[in-house]
Amino acid sequence: MNINYVSRNVGIALVFNAAFMFLGVLVSLCYGLDASFSPLLLSGVITLAVGLFPLIFVRKSGIISVKEGFFTIVCTWLLVCLFGALPYILWGGDFSVIDAWFESVSGYTTTGCTVLSDVEALPHGLLFWRSSTHYLGGLGVVVFMILVLPYARATFGLRLSTLEMGSLSKQNYKFKVTETARIILLVYVGLTVLQTVCLVLAGVGFFDALNHSMSISATGGFSTRNASAAAFNSPVVETIMIVFMYFSGLHFGLIYLAFRSKSLRMFKDPVIKFYSFVLIGSIAITTFSLLVGGTETNFLSALRHSAFMNVSAASTTGFANAETQQWPVAAILIFFYLAFQGAGSGSTTGGVKADRICVSVSSLKARLKRQLHMNAVIKPRMGNRILDADITGETNLYLVFFSSIIFVGAILLSATGLDLKTAVTTSLACTANTGLTFSSLSSFGNYGDFPVVSKIIFTIEMFLGRLEIYPVLAFLVIRRWK
C-alpha cells in the first residue's frame, strides 16, 4: 500500500474543505460575527493543519495502482465527513456527536436529510457551511484532486474519475481526464452562478439564493428555511428551481457540448429523451391523481405542486413545495420510482441513474427478441451505440445490489422499531441520496427523533449510494487483493 500517495491526496481534499470553512467564517463576519464564527474558524484551522501535514512532510510518489485508488476514494469521503462534522460539534445547539456526523454525511453525500427541527435557528455561517458540504460532495472531492494533481493523470486519474462518476458517465465524455474535470467544474459553477442571479431577480435574498443554488447544483436539498421551497410561496421562484433541478440532473459533458456548439442536439441523446419522457408522464399522472383524488381543486395549483415535487424526486434534490402526506397512493408510488431511478450519470444526482434503467430495458428488449427469433443476432442498443455484454451485465448486477441494500436496510431499520412504511421510504431516501420521504416524516420532516442505531444505518446507506457501492465493497475486501 502506497500510504504516502494516499495521505497526500486525502490531505488535498481536507485543504479544500478548510477553504470552505474559512469562507463560512467570512459569512459569519458579514452577519455581525454570529455564533458560528469561532466553531468555523477553529474547525478550519484544525482541518487545514491536518490537510497540510502530509503535503509538507510526505514525499510525492509516482503513479499508483487501482488498490490505492479505491483506498483513497473511500478514505477521502470518510475523513471529509468526519472533519465536516466539527463545526456542528463545536457549535453545539441541537447537535450531539452522532447528529453532527449524520448532518455531515447527509451533506457530503448530497442526500439532504437533516436532524434539525428548526433550521432557521442556525447562524448564517453554519447555514453556509451546510450548503458547502453539498457543494463539495456534489462535485466530488476526488474531482477537485484530479484538477490539482497533473502527475496523477494516467492510472490514478482515469480510475478515480471512473469510480467517482460511475462507468456509464464516461460514455459521452470525449476529453482527457484533466479536461473532463475542468468541464465538470465549469458547468457546475456556471449553473450555480446563473441560478443565483435568476433567484435574486425573482425577489429572493442573495444569501438564500446562493445557498439554494448550491444545493440544487449539487442535487442536495439542504435549505435555509424550515418550509424548504414552500417558504418563498412564489410560482416564479419554483419555476426557476424546477428548470435548474432538471438541468442539474443531466450529463454535464452534454451540457458543455450543447453550450459550446450552440445546439440543442443534446436532447436527442437517448438517456435525456427517456428521462424527459418519464418526467412528463409522471407529472401528468400526478396532476391527474391530485385532481381526481380531491387533494387539489385547481388545475394550475395541482400542476405547480406536481411538477416541482416530481422534478425534485427525479433529480434527487429533495426540495419540497407541498405536503405529500395526504397525496394519493399513485403519486407516492411515482415519487418512489423516480427517487429510485434518479437522473443522468455524469451529473451529481443519486439513484441508480436513468442510464442504467435504459441499459436494463434495452437488454430486456433484446432478450425478448432473441426468444422470438432464435437464430437472429440481436444486441442491446442505446441510440446508435451497441452495448457490449460487460456493460449490460454490470448494469443489471448494480440494480440487484442497489435494490438489495434498500431491502436489507429496511429490514434493519424495522428492527430498530420503525414501522414498515417509514423503514422502506427512509431506506430508499438515504440509499438514493434524495432525502425525500413519504411516510410519517412528511415532506418537511426531520430525522432528529430516530434512534441512534437507525441514524448509523442511514449514514451507511448514504455512503453506499453516493460511492455507487463498488468502491466500498472493494475497500472492505482489499486485504484479499494480490
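The values are calculated or read from the model by the stated rules, or taken from the named source; none is laboratory data. Everything numeric here is computed off the predicted structure, so don't read it as measured data. Cβ sites come from the backbone with ideal geometry, for glycine too, and all protein chains shown count toward neighbours. Surface accessibility is based on the protein's heavy atoms, side chains included, excluding ligands, DNA and RNA. Shrake-Rupley method; radii C 1.70, N 1.55, O 1.52, S 1.80 Å.
Specify which of the listed residues (Phe438, Phe463, Phe450, Phe458) is of a type in the set (Phe, Trp, Tyr), buried (at least 19 other Cβ atoms within 10 Å of the Cβ), over 16 Å from the mean Cα position of the chain (by Cα) and at pLDDT 80 or above.
It is Phe450.
Looking at Leu412 and the list (1) exposed (fewer than 14 other Cβ atoms within 10 Å of the Cβ); (2) at pLDDT 85 or above, which single condition is not satisfied?
Every listed condition holds for Leu412 apart from (1).
Quick check on my filter: what residues within the range 415-425 are at negative phi, of a type outside the set (A, V, I, L, M, F, W, C) and in contact (Cβ under 8 Å) with a residue 24 or more places away in the chain?
Thr416, Thr425
Filter the range 371-409 down to the residues that are open to solvent by less than 70 Å² (accessible area, probe 1.4 Å) and not in a helix (DSSP H, G or I), then identify the one that is farthest from Val329 (Cα to Cα).
Ala376
Restricting attention to the range 322-343, and to residues there that are open to solvent by less than 10 Å² (accessible area, probe 1.4 Å) and of a type outside the set (A, V, I, L, M), which single residue is farthest from the chain's Cα centre (by Cα)?
So, considering only residues that are open to solvent by less than 10 Å² (accessible area, probe 1.4 Å) and of a type outside the set (A, V, I, L, M), the one farthest from the chain's Cα centre (by Cα) is Thr324.
Given the residues Leu428, Leu368, Leu412, Leu436, which is the only one that is in contact with a helix residue (DSSP H, G or I) (Cβ under 9 Å, 6 or more places away or on another chain), over 24 Å from Ala314 (Cα atoms) and either outside any loop (DSSP other than H, G, I, E, B) or touching a residue at least 40 places away in the same chain (Cβ under 8 Å) (or both)?
Result of the check over Leu428, Leu368, Leu412, Leu436: Leu412.
Six or more apart or on different chains, Cβ atoms under 8 Å: show the pairs whose first residue is in the range 447-469 and farther than 14 Å from Ala85 by Cβ and whose second is of a type in the set (Lys, Arg).
Sorted first by the residue in the range 447-469, then by its partner, the pairs are Tyr447/Lys455.
Being within 25 Å of Ser403 (Cβ to Cβ) and outside any loop (DSSP other than H, G, I, E, B): is that true of Phe308 here?
No; evaluated as a whole, the condition is false for this residue.
Could you please let me know if Thr297 is over 25 Å from Thr110 (Cβ atoms), open to solvent by 10 Å² or more (accessible area, probe 1.4 Å) and polar (S, T, N, Q)?
So Thr297 passes the test.
Would you be able to tell me the number of residues in the range 1-44 that are assigned to a helix (DSSP H, G or I), among the hydroxyl-bearing types (Ser, Thr, Tyr) and within 20 Å of His134 (Cβ to Cβ)?
The qualifying residues number 2.
Could you check the range 96-111 and list, in sequence order, the residues that are out of contact with any His (no Cβ under 8 Å at 6 or more places or on another chain) and either among the small types (Gly, Ala, Ser) or surrounded by fewer than 24 Cβ atoms within 10 Å (Cβ to Cβ) (or both)?
Answer for the range 96-111, where residues must be out of contact with any His (no Cβ under 8 Å at 6 or more places or on another chain) and either among the small types (Gly, Ala, Ser) or surrounded by fewer than 24 Cβ atoms within 10 Å (Cβ to Cβ) (or both): Ser96, Val97, Ile98, Asp99, Ala100, Trp101, Ser104, Ser106.
Let me spell it out: the conditions are (1) in contact with a helix residue (DSSP H, G or I) (Cβ under 9 Å, 6 or more places away or on another chain); (2) more than 24 Å from Gly221 (Cβ to Cβ); (3) not polar (S, T, N, Q), and Asp388 meets all of them except one. Which number is the exception?
(1)
Search the range 14-40 for residues that are polar (S, T, N, Q) and pair each with any residue that is open to solvent by 20 Å² or more (accessible area, probe 1.4 Å) and in a loop (DSSP other than H, G, I, E, B) when their beta-carbon atoms are under 8 Å apart and the residues are at least 6 apart or on different chains.
Filtered contacts from the range 14-40: Ser28/Asp34.
Find the residue count for the range 255-279, including only residues that are open to solvent by 20 Å² or more (accessible area, probe 1.4 Å) and under 19 Å from Leu387 (Cβ atoms).
Adding up the residues that qualify gives 5.
Which residue pairs have Cβ atoms under 6 Å apart, sit 6 or more places apart or on different chains, and have a first residue in the range 179-202 that is surrounded by 23 or more Cβ atoms within 10 Å (Cβ to Cβ) and a second that is not in a helix (DSSP H, G or I)?
Qualifying pairs under 6 Å: Thr180/Tyr173.
Exactly one of (1) in a helix (DSSP H, G or I); (2) over 21 Å from Tyr246 (Cβ atoms) is unmet by Gln326. Its number?
Failing condition for Gln326: (1).
Might you check whether a residue that is modelled with pLDDT of 90 or more, touching a Leu at 6+ places or on another chain (Cβ under 7 Å) and not small (Gly, Ala, Ser) occurs anywhere in the range 283-301?
There is at least one residue in the range 283-301 that is modelled with pLDDT of 90 or more, touching a Leu at 6+ places or on another chain (Cβ under 7 Å) and not small (Gly, Ala, Ser).
Quick one: which residue in Leu26, Leu33 is surrounded by fewer than 16 Cβ atoms within 10 Å (Cβ to Cβ) and on the phi > 0 side of the Ramachandran plot? Working first, answer last.
Working: Leu26 fails: on the phi > 0 side of the Ramachandran plot.
Sole residue among the options that is surrounded by fewer than 16 Cβ atoms within 10 Å (Cβ to Cβ) and on the phi > 0 side of the Ramachandran plot: Leu33.
In the range 236-250, which residues are surrounded by 22 or more Cβ atoms within 10 Å (Cβ to Cβ) and out of contact with any helix residue (DSSP H, G or I) (no Cβ under 7 Å at 6 or more places or on another chain)?
Listed by number, the list is empty, since nothing qualifies.
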